[in-house]
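**Student:** Submitted below is the structure of interest, expressed as structure tokens.
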Amino acid sequence: MKVLALPGLRRGSVVGALALVLLAALLLLPTLAAAGEVDDAALNADRVNQDACLAVGEGREVNEAGVAMAEVSAVWVEVDRVLEAAPEPKPSFLQYWRGVLGQCLDQDELALKDLQAFVEQESGNAVYADLVRDGKQRITRLERSLAGIVDRPTPPLLVISLGGGYQRMEAPSLTGWNYGVASVDVSVRLIGPLALTGFLRLGVSDLNLDSEGEPVAYDDGQPGRSVLPVFGLGPLLRFAGPVYGFVGLLAQFSPDDHQQLNTPFLAGATLTGGVEIPFGDAPLGVKAWGEVGFLHASITLRGMGGLFVRLGE
């Protein structure tokens with residue numbers, strides 16, 4: 001039987017080349033296997049960080065928290081084993097995950113060491129930009145924790161609320177007005193507890209009466225109810241916790257369509273304060289607050305309640 005060979009190559013050289021390829025493949029097998037272990041360890045760390053770590057820190061039942069802690073511990077040990085067994089250069093992202101799981105298990109000093117090493121090595125590397133950013137935030141929290149500094153909860157980035165309530169307006173020499181009010185509030189956190197807040201108060205009055213108790217006639221000659229939209233904008237301080245408290249001083253203004261105060265435009269300010277009570281860990285909650293201020297020559301008083309949704313941290 002004839003053996004086909006490439007032109008210019010002898011049979012011995014073909015066999016030698018095949019042997020070299022086989023040897024290279026055998027030498028690469030441990031490296032490929034190690035790479036597979038590294039990937040598996042990172043995926044497991046990500047999984048338990050999203051699932052089991054939450055259960056460890058949420059104060060659930062003892063058996064549930066214990067099972068979660070055991071799962072995190074097992075993956076933490078596995079990540080450590082794979083990292084230490086990996087050839088040089090070692091996969092730095094496993095050091096990140098070892099630090100994350102160490103933090104989850106309250107091993108703050110070990111976690112801080114791993115995260116600092118990862119950030120120092122990969123800072124400026126676009127591939128790990130998200131992990132580096134998260135690592136820096138974790139380092140800050142760990143350093144504060146080890147220094148005995150208790151972090152205050154961060155107010156949400158965005159709070160939107162809908163509600164309603166009662167408004168009373170009092171003006172000199174005029175009969176006061178009672179309003180039913182629908183409200184919309186949008187609050188955006190600027191820095192720390194400081195937020196910029198805007199609102200709309202859409203008020204519909206009861207039947208307007210003059211100082212003698214007679215119905216007020218508008219431009220069309222018909223007595224009726226006054227619709228008063230009031231807009232507001234200004235700074236507000238929101239304090240995070242199990243219940244959110246807030247206080248603010250906002251400018252308010254409104255068109256005076258019926259010119260009852262002899263001006264086409266009303267301007268003033270209002271002091272607001274109240275509480276927001278979340279439904280547990282849900283982004284939704286209930287809100288109650290009051291406002292006292294002035295609008296042109298009128299004093300404004302409001303008592304409000306409603307629902308809110310908080311977004312972002």
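**Student:** Can you sort ARG310, ARG141 so the residue with the fewest Cβ neighbours within 10 Å comes first? Let's see the in-between values first.
**Tutor:** Details: ARG310 22, ARG141 15.
Taking fewest neighbouring Cβ atoms as first place, the list is ARG141, ARG310.
**Student:** Work through the residues other than GLY102 whose Cβ is under 12 Å from its Cβ and net out their charges, Lys, Arg +1 and Asp, Glu -1. Each step should come with its number before you reach the end.
**Tutor:** On the way: positive: ARG98, LYS113, ARG138; negative: ASP80, ASP106, ASP108, GLU109, ASP114.
Around GLY102, the surrounding residues sum to -2.
**Student:** Which whole-Hz couplings ³J(HN,Hα) result when phi for each residue of segment 306-313 is put into the Karplus expression 6.51 cos²θ - 1.76 cosθ + 1.60, θ = phi - 60°, listed in order with x for Gly and Pro?
**Tutor:** Taking θ as phi minus 60°, the curve returns x, 10, 9, 10, 10, 10, x, 10 Hz for segment 306-313.
**Student:** Let me ask something else about it. Can you tell me the length gained on complete extension of the stretch ILE277 to ASN63, counting 0.36 nm per residue apart and subtracting the Cα distance?
**Tutor:** Numbers: separation 214, 0.36 × 214 = 77.04 nm, distance 2.96 nm.
Full-extension gain reported as 74.1 nm.
**Student:** Could you list VAL127, VAL204, VAL48 so that the one with the fewest beta carbons within 10 Å of its beta carbon is first and the one with the most is last? Please list the in-between numbers first.
**Tutor:** Numbers: VAL127 9, VAL204 14, VAL48 25.
If I rank by nearby Cβ atoms, fewest first, I get VAL127, VAL204, VAL48.
**Student:** Suppose a student asked you for the relative contact order of segment 228-313, using Cα pairs under 8 Å spaced at least 6 residues apart; what percent would you report?
**Tutor:** On the way: 185 pairs, mean separation 18.6, N = 86.
22 percent.
Every number in this text was worked out from the coordinates using simple rules, so none of it is lab data. The structure presented is a predicted model; accordingly, all values stated were derived computationally and were not measured. Note that each Cβ is placed from the backbone with ideal geometry, even for glycine, and that neighbours are counted across all protein chains shown.
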